[in-house]
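Written below as C-alpha cells is the structure these notes are about.
The values are calculated or read from the model by the stated rules, or taken from the named source; none is laboratory data. These numbers were taken from a predicted model, which means no experiment stands behind them. Please note: Cβ atoms are built from the backbone with ideal geometry, for glycine as well, and neighbour counts cover all protein chains shown.
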Amino acid sequence: MSENIIEVRNLKKSFGSNPVLKGVDFSIKKGDVTCVIGASGSGKSTFLRCVNMLETPTGGEILFHGENVLSQAAPISQYRAKVGMVFQNFNLFYNMTAIANCMTGLRRVLKKDKETARQTAVFYLDKVGMSPFINARPRQLSGGQQQRVAIARALAMEPEVLLFDEPTSALDPQMVGEVLSVIRNLASEGMTMIIVTHEMAFARDVSNYVVYMQDGVIFEQGPPEQIFANPEKPETREFLARFINN
C-alpha cells in the first residue's frame, strides 16, 4: 500500500472567534482524485487553503511525506511548488503574457534558466490547449482560457499534488466544459488532485474518492458510487438531492 503524500490530522482554523474548521482528518495517496463537496460556508475552500498554507491553521498537523509542514524550517514556497493550487478567480498576473505567467514560478522559485523555463511553459500551455495564445495577456482571453493558463502555470512547477478551488465557479456555463475536460485528462494521466467543486456530475465521474463537508468537519466520505448512490447520512442525501433537483 502506497504512503500518503499528504496527511491532515485534526486540522482546525478559526478567524477570530469564528471556528471554520473544527477538526479535519484527511489523507491522499499518489494518483488519488478526491473531490470535496458541500454547501457554501462548510469550510471547503478554507480547508484547501490550509493544505496549501495560504492560510495558517489554528491547530493540527499537515504532513507531507510524513514531515509536519507547520514545523518545517524549509521555505513554504518550496512546499507550494510541490502542492500546486488553481484558484476560482485565476489569480494570473494581468501585466504578463500567458507564457510569462507560466515562467515566473519556474524562474523565481525553482531557479530555472530562462530557456528551460520557456520550454517547460510552452509544453504545459500546449498540454492545456493554449499554445496559440502564449503571447496573449489575460484581458485578451476568455475566462475558460485564463483558467487553462492558470492550470498550465501550476503544472509547469511539476507538483506532486494539484489543488483546485472551485475551478469553474467564475466561468460562464459555455466555458465550464473546456476546463473540466483539462482536469479529466489530468485525472486519466494519474495526476494526484484534490478538487473543491460544485459540479456534482463531474465529481461523481472523475474522482475515486468524495468528501462531503458540513459545518467545518468531514461529515461523510467514501468512493463516489457510495456517496452519490447510497449516502449513509441524511444530511448528505439532502445536500445531493438539492443539487440534483436543480
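Filtering region 118-160 to residues that are crowded, with 16+ Cβ neighbours inside 10 Å and of a type in the set (Phe, Trp, Tyr) leaves Tyr124, Phe133.
Could you tell me which residue of region 19-73 is farthest from the chain's Cα centre (by Cα), considering only residues that are in a helix (DSSP H, G or I) and over 16 Å from Gly216 (Cβ atoms)? Give the steps one after another, and end with the answer.
Of region 19-73, the ones in a helix (DSSP H, G or I) are 44-51, 69-71.
Narrowing further to those that are over 16 Å from Gly216 (Cβ atoms): 69-71.
Values: Val69: 18, Leu70: 20, Ser71: 23 Å.
Only one residue tops the list, namely Ser71.
Note on region 74-137: enclosed helices (runs of 4 or more DSSP H) holding 3 or more residues that are hydrophobic (A, V, I, L, M, F, W, C) are 98-108, 114-127.
Based on what the data block shows, is Leu171 of a type in the set (A, V, I, L, M), touching a residue at least 40 places away in the same chain (Cβ under 8 Å) and on the phi < 0 side of the Ramachandran plot? Against the criterion (of a type in the set (A, V, I, L, M), touching a residue at least 40 places away in the same chain (Cβ under 8 Å) and on the phi < 0 side of the Ramachandran plot), Leu171 does not qualify.
Counting residues in region 182-203 that are closer than 20 Å to Val161 by Cβ and basic (Lys, Arg) gives one or more. Annotation: of all residues in region 185-214 being exposed (fewer than 15 other Cβ atoms within 10 Å of the Cβ) and not hydroxyl-bearing (Ser, Thr, Tyr), the one that is nearest to Ile37 (Cα to Cα) is Ala201. In region 43-51, the condition of being hydrophobic (A, V, I, L, M, F, W, C) and surrounded by fewer than 21 Cβ atoms within 10 Å (Cβ to Cβ) is met by no residue.
Scanning region 1-10 for residues that are more than 17 Å from Leu163 (Cα to Cα) and not hydroxyl-bearing (Ser, Thr, Tyr), we see that the one that is farthest from the chain's Cα centre (by Cα) is Met1. Check Val83, Val33 and return the single one that is at pLDDT 95 or above and closer than 23 Å to Met200 by Cβ. Exactly one of Val83, Val33 is at pLDDT 95 or above and closer than 23 Å to Met200 by Cβ, namely Val33.
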